[in-house]
Amino acid sequence: MKQRQKSHTYLYKQICKHLNVPCSSELLNGIQETEIVLILEQIGLQDIEPLQLLLAQCKFKTITLKSIQKNLKLNKSMAHDNYKNELLEILKVITKLFSKSLDVITFIIRDIRMSSEHMQIISQGIAVVQSLKELRIIQCLMTSNHFSILQPSLIQNSSLHIVDFSHNYLTHQIGVLLGQLLQEHGKRRDSVDYLYRTKGESPEEDISKIGIGELDLSYNKLNDQFVKDVVPYLERDRWIKSINLKYNAIQKEGFELLIQLLDKNTTITSLDTRRNLGTTQQFQKEILRKLMRNKNTKNDLQEQRIEEENENILVNVSAIPQNLLSVISDQESPVMSFGVFEQNNQTKQMSISGRQDQFKFKSGYKNNDSGCLDCIRLQIKVKKQQQIIQLLKQEVQYLRFSLQSKQQQSQQQQSQQQQQQQQQTMNFLNLSDNHNQHPPPQEVEQEDMLNKIEYMMNELTRMMDGLDAQGSVTNNLNAHLSSTLIGQDYTRVICEREDRANDFMNILGDNSQNNSSECSEDEAKSQ
């Protein structure tokens with residue numbers, strides 16, 4: 001660390017020597033390992049060029065620009081033209097650094113009276129910087145007009161996470177502007193989250209940290225109107241977590257709106273409202289209770305998300321067939337059951353040998369074995385990991401195959417069930433048709449008997465009608481014909497038909513006796 005700091009100071013001295021410029025002892029004192037502190041009163045115009053080269057060469061993560069005089073109202077040097085020129089040049093150097101460097105994470109300006117021209121230069125740098133995480137403009141007499149100048153650049157910047165505008169003169173006029181700023185950052189993160197969800201991937205960086213998540217507006221002049229303007233935007237936001245509104249002019253109406261906000265927004269886990277005009281113990285307790293509830297729900301959601309990720313990652317190796325388990329033997333890889341790696345005897349021996357090798361190395365013992373043992377162990381570990389990955393891939397293939405086979409089986413079962421149902425319905429219909437077409441034998445016999453009887457009765461009536469007709473014919477013939485041959489033929493026919501009628505009558509009598517005997521038997525059985 002000290003060597004890096006010495007290298008920074010040495011580089012600054014070499015730059016000054018090359019430019020034939022005297023080194024500034026105050027600037028040397030402000031150079032640290034990863035931070036540079038610039039005191040405005042101790043920097044002249046001759047130090048601007050060496051500072052520009054130094055910032056371009058050194059990878060400072062934090063740049064702090066401040067003034068020695070903290071009471072800005074009594075600071076008369078603020079109206080000095082040289083002071084304004086020096087501040088402008090320093091801000092231009094920093095904004096040029098923002099457009100080229102990806103190392104600056106924090107930018108702090110404090111105890112310096114800022115003008116609209118200064119804010120425009122800062123706004124240009126914020127719009128192009130891609131690595132800035134924290135922006136702190138503290139006690140700089142910043143007004144709502146200055147905030148309106150910065151607001152478009154703050155919307156355009158997607159890397160800021162912490163914004164600190166405390167100890168300024170911000171009023172309720174920034175309410176809508178601040179709400180629009182938070183809304184745009186929330187939309188950007190929602191779109192990124194949706195994109196990763198649709199792809200089924202997890203982002204490399206936490207999405208909640210690529211936009212404004214912490215906001216410090218303490219020690220300003222914010223009132224109830226500011227709360228009314230910003231609360232509708234905060235109700236729809238699900239990314240900002242911390243808001244500091246300490247030492248403002250918020251009264252009872254504003255506190256009631258903030259309490260209602262915490263009922264709708266469960267992502268805010270820190271809301272500081274102390275030392276406001278309407279601060280009461282009751283309001284503080286209610287806000288604290290709701291913040292604790294939000295924090296608990298947040299922890300529950302995190303635990304649930306971790307469990308879901310573990311469920312997606314953990315693998316049940318017991319479901320793998322034996323032929324797939326033979327890919328990795330127990331002697332060559334750790335035992336893996338239900339997604340948890342357990343050490344077998346070989347891995348334990350390797351860990352013990354590794355500790356022994358470390359002990360030998362620390363004690364100065366030199367191993368005469370060929371090759372580097374650490375490299376060999378690393379290679380073995382890599383091979384095991386590759387084998388485990390191969391096993392997991394095969395398991396995924398097996399699970400996909402089993403899932404497809406289960407789906408096919410279920411489809412086959414459904415088709416079989418449908419066929420069975422159709423077959424049952426067809427059988428039922430056929431059975432009903434068969435019942436209609438093929439009645440029981442008893443009914444068939446009864447129907448046959450009735451048909452026979454009916455046929456006989458029809459035949460008998462027909463014959464009787466024929467007899468009557470023939471009788472009339474014979475009477476007419478006997479009256480008009482004298483031929484004995486014709487009379488004999490007719491008389492023979494009439495006799496034959498009479499005999500057939502008698503036969504039919506005998507058959508009817510037999511059938512009636514049979515029916516009566518069957519009925520008597522059925523009655524006897526029933527008794």
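The values are calculated or read from the model by the stated rules, or taken from the named source; none is laboratory data. Bear in mind that the values here come from a model prediction, so they are computed numbers and not experimental data. Using ideal geometry, Cβ is built from the backbone for each residue, glycine included, and neighbour counts are taken over all protein chains shown. Areas reflect the complete protein model, heavy atoms only, side chains present, ligands, DNA and RNA absent. Shrake-Rupley method; radii C 1.70, N 1.55, O 1.52, S 1.80 Å.
Numerical summary
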quantity: Breaking point among (1) in contact (Cβ under 8 Å) with a residue 12 or more places away in the chain; (2) open to solvent by 80 Å² or more (accessible area, probe 1.4 Å); (3) of a type in the set (A, V, I, L, M, F, W, C), for ILE212; calculated: (2)
quantity: Pairs, first in contact (Cβ under 8 Å) with a residue 24 or more places away in the chain and open to solvent by less than 10 Å² (accessible area, probe 1.4 Å) in the stretch 31-59, second hydroxyl-bearing (Ser, Thr, Tyr) and in a helix (DSSP H, G or I), C-beta under 8 Å, six or more apart; calculated: ILE31/THR9; ILE31/TYR12; LEU40/TYR83; PRO50/TYR12; LEU54/TYR12
quantity: Those residues of the stretch 143-168 which are open to solvent by 40 Å² or more (accessible area, probe 1.4 Å), under 20 Å from SER101 (Cβ atoms) and part of a loop (DSSP other than H, G, I, E, B), in sequence order; calculated: SER158
quantity: Test result for LEU257, open to solvent by 40 Å² or more (accessible area, probe 1.4 Å) and closer than 19 Å to SER218 by Cβ; calculated: yes
quantity: Count of the stretch 62-82 residues which are surrounded by 14 or more Cβ atoms within 10 Å (Cβ to Cβ) and at pLDDT 65 or above; calculated: 7
quantity: Top-ranked residue of the stretch 99-143 - restricted to ones that are under 26 Å from LYS221 (Cα atoms) and of a type in the set (Ser, Thr, Tyr), ranked as farthest from the chain's Cα centre (by Cα); calculated: SER115
quantity: Among residues of the stretch 180-209, those that are assigned to a helix (DSSP H, G or I) and charged (D, E, K, R), counted; calculated: 9
quantity: Filtered residues of the stretch 123-142 (kept if under 14 Å from ASN168 (Cβ atoms) and either open to solvent by 50 Å² or more (accessible area, probe 1.4 Å) or part of a helix (DSSP H, G or I) (or both)); calculated: ARG136, GLN139
quantity: Top-ranked residue of the stretch 86-122 - restricted to ones that are assigned to a loop (DSSP other than H, G, I, E, B) and not β-branched (Val, Ile, Thr), ranked as surrounded by the fewest Cβ atoms within 10 Å (Cβ to Cβ); calculated: LEU102
quantity: Unmet requirement for GLU35, which otherwise passes all of (1) modelled with pLDDT of 90 or more; (2) more than 52 Å from the chain's Cα centre (by Cα); calculated: (2)
quantity: Residue within the stretch 188-199 that is within 17 Å of LEU154 (Cβ to Cβ), open to solvent by 10 Å² or more (accessible area, probe 1.4 Å), modelled with pLDDT under 95 and not polar (S, T, N, Q) present; calculated: yes
